[in-house]
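Undergrad: What follows is a single structure, and I will ask about it in a moment.
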Amino acid sequence: MAEVSLRHIEKVYPNTEKKKKGEKKSNLKVTEEGVLAVQDFNLDIKDREFVVLVGPSGCGKSTTLRMVAGLEEITRGELYIDGKLMNDAAPKDRDIAMVFQSYALYPHMTVRGNMEYPLKLKKMPKEEMNQRVEQAAEILGITQYLDRKPKALSGGQRQRVAIGRAIVREPKVLLMDEPLSNLDAKLRNQMRAEIIKLRERIDTTFIYVTHDQTEAMTLGDRIVIMKDGVIQQVGTPQEVFDHPANLFVAGFIGVPQMNFYDAELIRDGSGSYTVQVENVHIVPSEEKQARLRQNGVESQSITLGVRPEHITLLGEGENMLHGAVEVTEMMGSAVHLHVNFGGRDTIIIAQTMSLEGRNPVHFGGGNPISFTFGGNVIHMFSKKDERNLEA
Amino acid sequence: MKEKTRRINRLWSVVMFFVSVLYMYPIFMVLMNSLKVESAISTSTAFELPTAETFAGFANYENAINAQGFLSSFFYTAFITITSVLAILFFCSMFAWYITRVETKVTKALYLLCAFSMVVPFQMVMFTLSSMADTLNLDTPWVLWVIYLGFGAGLAVFMFCGFMRSVPVDIEEASMIDGSSPLQTYFHIVIPLLRPTMVSVAILEAMWIWNDYLLPTLILDINKYRTISMLIQFFRGSYGRVEMGPMMACIMLAILPIIIVYLVGQKHIIKGVVAGAVKG
Ligand SMILES: Nc1ncnc2c1ncn2[C@@H]1O[C@H](COP(=O)(O)OP(=O)(O)OP(=O)(O)O)[C@@H](O)[C@H]1O
Ligand SMILES: [Mg+2]
């Protein structure tokens with residue numbers, strides 16, 4: 001257990017291959033030095049905290065994690081583990097453990113051999129070593145496989161062994177790089193629950209990398225959302241869900257994705273705001289009004305965001321948005337409606353059951369539909385820099 | 001469809017059977033003649049099986065083994081082969097590990113140099129080599145492995161690099177994080193991973209070194225040290241007559257160890273190929 005501090009950490013990959021520039025796959029900043037894979041990364045991780053780094057592919061999550069592990073050189077900035085500067089320490093001197101996406105088990109050793117290996121290197125007495133390995137195996141439910149080779153195990157079992165190898169050492173910090181992404185959906189959910197349980201049982205700081213927002217939301221005490229090597233937002237799952245810092249975070253967190261509309265934010269003489277979408281006027285909640293006022297936001301064109309679960313379906317009426325149902329996806333407890341609204345796809349979640357019984361939802365393709373949303377669930381983003389106007 | 005592939009497979013088996021007979025026949029001839037009495041081996045009778053009259057039992061083998069210098073030749077050959085193969089395995093695997101994991105211009109150049117060395121014919125360098133070996137006192141069986149290391153490195157590095165590239169670097173990184181130094185990673189992780197390739201390399205290099213005739217002839221002092229392949233030459237040597245029977249027996253004895261090595265190692269080669277093909 002330990003605190004981990006990253007101060008102005010940056011990673012530059014030298015621009016060796018010219019081809020890479022031409023491809024222009026990502027929007028990483030390119031300077032004289034090379035490609036900036038991670039830019040000015042600042043984060044203080046508390047003792048025993050579970051921090052999740054999340055973001056789309058190529059955003060620099062793995063690079064950041066590998067810099068903490070010591071597998072990748074830190075170009076600039078300082079890394080402190082437990083208050084000690086660790087920039088130039090070898091991986092083995094950092095007292096960290098890591099679980100790799102590919103498991104990275106030693107194929108020629110048995111499960112027991114794999115788990116003993118870090119302890120053997122520490123020259124731990126045989127007694128204690130056995131005890132620790134058996135305890136870890138017990139926690140992870142792999143006791144009966146201890147004498148098997150990794151190739152005789154299933155993916156989920158291998159993953160447990162990899163985690164076991166990491167926890168036997170009782171490291172200060174446990175790093176995990178997409179540990180569940182090679183598992184099938186069912187096993188992934190199960191392992192996710194086990195990681196949550198595991199974390200109660202061991203005293204370690206966790207840094208967990210994933211590209212899956214569900215994993216991030218369910219596991220993390222705090223989530224760090226990254227894009228193109230830059231931190232977009234740091235916060236608890238609830239914070240990033242309720243108050244996304246910008247358009248990217250709003251779109252990235254939450255499934256199905258948040259709906260976006262072009263809208264106008266209007267500030268009247270008395271300083272109260274209204275949002276106009278098409279010909280419908282929505283009044284933001286008092287809370288939101290206050291924050292907008294505090295930030296001195298002017299009238300402007302905005303991108304309005306509303307989550308699918310916050311849209312209300314209504315019959316015909318005043319002050320409504322109108323669209324046509326294109327596709328319906330039956331999810332069991334809810335129906336996801338893909339509605340064509342002003343040429344764009346809007347997703348609406350309609351519950352199939354309510355207190356009164358089965359909801360009368362029969363949405364065929366092409367049917368017209370009316371919907372609206374309250375002033376407390378809207379998110380307003382600047383068109384100019386995509387920032388949340390309330391933030 | 002299935003019927004067709006089955007028929008093609010059967011055809012292949014027949015073809016391959018004849019090819020293998022073609023390959024085996026010379027060895028069979030040597031074996032056959034090594035069991036005949038001297039007078040029954042001539043150009044006209046070489047293809048005949050031994051009969052009750054011409055069958056010599058193991059007399060030729062006894063003669064070969066008792067011949068001047070056979071045991072010491074056997075020992076020298078074994079010593080040279082074992083030391084050279086061990087040196088090649090150790091140095092080349094470590095070298096290949098380094099140049100595949102540390103990618104710089106220098107390591108790339110070194111790799112190309114190794115690949116290039118495979119296409120340089122030995123005849124091109126043999127005279128300068130033998131005079132250099134003389135100057136450096138490398139002309140004894142005890143240090144001949146230095147020269148074989150040089151000539152064997154090309155193939156070995158090429159094969160090790162090829163395999164090393166297919167090994168995910170994660171495993172080595174995991175070992176670094178688990179607390180090993182680079183050397184510990186090499187001995188605990190890399191060597192076991194490379195084992196199937198090591199067996200293949202060892203067999204190929206051993207066959208070549210054991211059977212090699214030209215290099216030891218040029219470099220070793222013929223009067224002091226003779227390897228097996230040099231010794232065989234001496235059965236038809238200076239006495240004016242060729243002792244065909246003992247020579248054939250000697251050839252059989254010379255190829256026996258390497259065949260055993262191959263048969264023992266063979267299943268590891270096959271296992272290595274399969275393990276590389278299947279993930280995990
Ligand atoms: N050795 C390297 N040389 C040059 N560029 C690199 C190197 N390694 C990574 N990069 C670049 O750095 C960026 C960040 O890579 P990183 O592996 O951290 O992404 P990631 O967020 O982990 O993505 P993923 O979810 O796909 O694993 C990528 O755009 C990648 O192209
Ligand atoms: Mg990654």
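Undergrad: Residue check, A:P237 against (1) over 23 Å from A:R94 (Cβ atoms); (2) within 16 Å of ligand 1 (Cβ to nearest atom); (3) open to solvent by less than 50 Å² (accessible area, probe 1.4 Å), all met but one. Which one?
TA: Status for A:P237: all satisfied but (2).
Undergrad: Do you know which of the residues in region A:297-320 that are among the aliphatic types (A, V, I, L, M) and surrounded by fewer than 20 Cβ atoms within 10 Å (Cβ to Cβ) is farthest from A:M380 (Cα to Cα)?
TA: A:L314
Undergrad: So, one more: Here is a check on your reading of the model: is A:Q294 modelled with pLDDT of 95 or more, out of contact with any Gly (no Cβ under 8 Å at 6 or more places or on another chain) and surrounded by fewer than 20 Cβ atoms within 10 Å (Cβ to Cβ)?
TA: In short, no.
Undergrad: I need a count of the residues in region A:45-62 that are under 15 Å from A:V173 (Cβ atoms), within 12 Å of ligand 2 (Cβ to nearest atom) and modelled with pLDDT under 95.
TA: The qualifying residues number 0.
Undergrad: Please work out which one of (1) over 17 Å from A:T205 (Cα atoms); (2) touching a Lys or Arg at 6+ places or on another chain (Cβ under 8 Å); (3) within 16 Å of ligand 1 (Cβ to nearest atom) is the condition A:E78 fails and give its number.
TA: Of the numbered conditions (1) over 17 Å from A:T205 (Cα atoms); (2) touching a Lys or Arg at 6+ places or on another chain (Cβ under 8 Å); (3) within 16 Å of ligand 1 (Cβ to nearest atom), the odd one out for A:E78 is (3).
Undergrad: Residues being under 19 Å from B:M176 (Cβ atoms) and either within 14 Å of chain B (Cβ to nearest Cβ) or touching a Leu at 6+ places or on another chain (Cβ under 9 Å) (or both): count how many of those fall in region A:75-94.
TA: 10
Undergrad: Only one of these is within 13 Å of another protein chain (Cβ to nearest Cβ), open to solvent by 20 Å² or more (accessible area, probe 1.4 Å) and within 16 Å of ligand 2 (Cβ to nearest atom): A:L65, A:L71, A:L28. Name it.
TA: A:L71
Undergrad: Answer with yes or no whether A:D212 is assigned by TED's automatic domain parsing to the domain that holds A:I81, open to solvent by 30 Å² or more (accessible area, probe 1.4 Å) and acidic (D, E).
TA: yes
Undergrad: Would you check if A:S272 is open to solvent by less than 50 Å² (accessible area, probe 1.4 Å) and free of Cβ contacts under 8 Å to residues at least 24 places away in the same chain?
TA: Against the criterion (open to solvent by less than 50 Å² (accessible area, probe 1.4 Å) and free of Cβ contacts under 8 Å to residues at least 24 places away in the same chain), A:S272 qualifies.
Undergrad: Of a type in the set (S, T, N, Q), at pLDDT 95 or above and either open to solvent by 60 Å² or more (accessible area, probe 1.4 Å) or assigned by TED's automatic domain parsing to the domain that holds A:T63 (or both), is that true of A:Q257?
TA: No, not satisfied.
Undergrad: On to the next question. Could you say which residue among B:I171, B:I177, B:I189, B:I222 is within 30 Å of B:T140 (Cα to Cα) and in the same structural domain as B:Y98 (by TED's automatic domain parsing)?
TA: Result of the check over B:I171, B:I177, B:I189, B:I222: B:I222.
Undergrad: Please count how many residues of region A:169-187 are open to solvent by 60 Å² or more (accessible area, probe 1.4 Å), among the acidic types (D, E) and within 16 Å of ligand 1 (Cβ to nearest atom).
TA: Summing the residues that are open to solvent by 60 Å² or more (accessible area, probe 1.4 Å), among the acidic types (D, E) and within 16 Å of ligand 1 (Cβ to nearest atom) in region A:169-187 gives 0.
Undergrad: Within region A:321-330, is there a residue that is of a type outside the set (K, R), in a loop (DSSP other than H, G, I, E, B) and at pLDDT 85 or above?
TA: No, because not a single residue in region A:321-330 is of a type outside the set (K, R), in a loop (DSSP other than H, G, I, E, B) and at pLDDT 85 or above.
Undergrad: What's the number of the only condition in (1) touching a residue at least 40 places away in the same chain (Cβ under 8 Å); (2) within 16 Å of ligand 1 (Cβ to nearest atom); (3) open to solvent by 10 Å² or more (accessible area, probe 1.4 Å) that A:D203 fails to meet?
TA: It is condition (2) that A:D203 fails.
Undergrad: Hey, another quick one. Which of (1) farther than 21 Å from A:T205 by Cα; (2) without any contact (Cβ under 8 Å) to a residue 60 or more places away in the chain is the odd one out, the single condition A:M191 does not satisfy?
TA: Here A:M191 meets the rest and fails (1).
Undergrad: Got a number for residues in region A:95-123 being within 9 Å of another protein chain (Cβ to nearest Cβ), in contact with a Lys or Arg (Cβ under 6 Å, 6 or more places away or on another chain) and not hydrophobic (A, V, I, L, M, F, W, C)?
TA: Matching residues across region A:95-123 total 2.
Undergrad: So, in region A:81-103, of the ones that are away from ligand 1 (no atom under 16 Å from the Cβ) and small (G, A, S), which residue ends up most open to solvent (accessible area, probe 1.4 Å)?
TA: A:G83
Undergrad: Right, here's the next one. Looking at region A:77-84, is at least one residue within 12 Å of ligand 2 (Cβ to nearest atom) and in contact (Cβ under 8 Å) with a residue 24 or more places away in the chain?
TA: no
Undergrad: Let me ask something additional. Between residues in region B:234-250 that are open to solvent by 20 Å² or more (accessible area, probe 1.4 Å) and residues that are of a type in the set (D, E) and modelled with pLDDT of 65 or more, which pairs lie under 9 Å by C-beta distance while being six or more apart or on different chains?
TA: B:R236/B:E243; B:E243/B:E38; B:M244/B:E38
Undergrad: What is the residue count in region A:37-75 for residues that are within 16 Å of ligand 1 (Cβ to nearest atom) and assigned to a strand (DSSP E or B)?
TA: 10
Undergrad: Go through (1) in contact with a Lys or Arg (Cβ under 9 Å, 6 or more places away or on another chain); (2) of a type outside the set (F, W, Y); (3) part of a helix (DSSP H, G or I) and name the single condition B:S130 misses.
TA: (1) is the only condition that B:S130 fails.
Undergrad: Just to confirm my filter: which helices (runs of 4 or more DSSP H) fall fully inside region A:173-268 and include at least 2 residues that are more than 16 Å from ligand 2 (Cβ to nearest atom) and in contact with an Asp or Glu (Cβ under 9 Å, 6 or more places away or on another chain)?
TA: Here the list reads A:185-201, A:247-252.
The values are calculated or read from the model by the stated rules, or taken from the named source; none is laboratory data. Keep in mind it's a predicted model, so treat the numbers as computed, not measured. Cβ sites come from the backbone with ideal geometry, for glycine too, and all protein chains shown count toward neighbours. Surface accessibility is based on the protein's heavy atoms, side chains included, excluding ligands, DNA and RNA. Shrake-Rupley method; radii C 1.70, N 1.55, O 1.52, S 1.80 Å.
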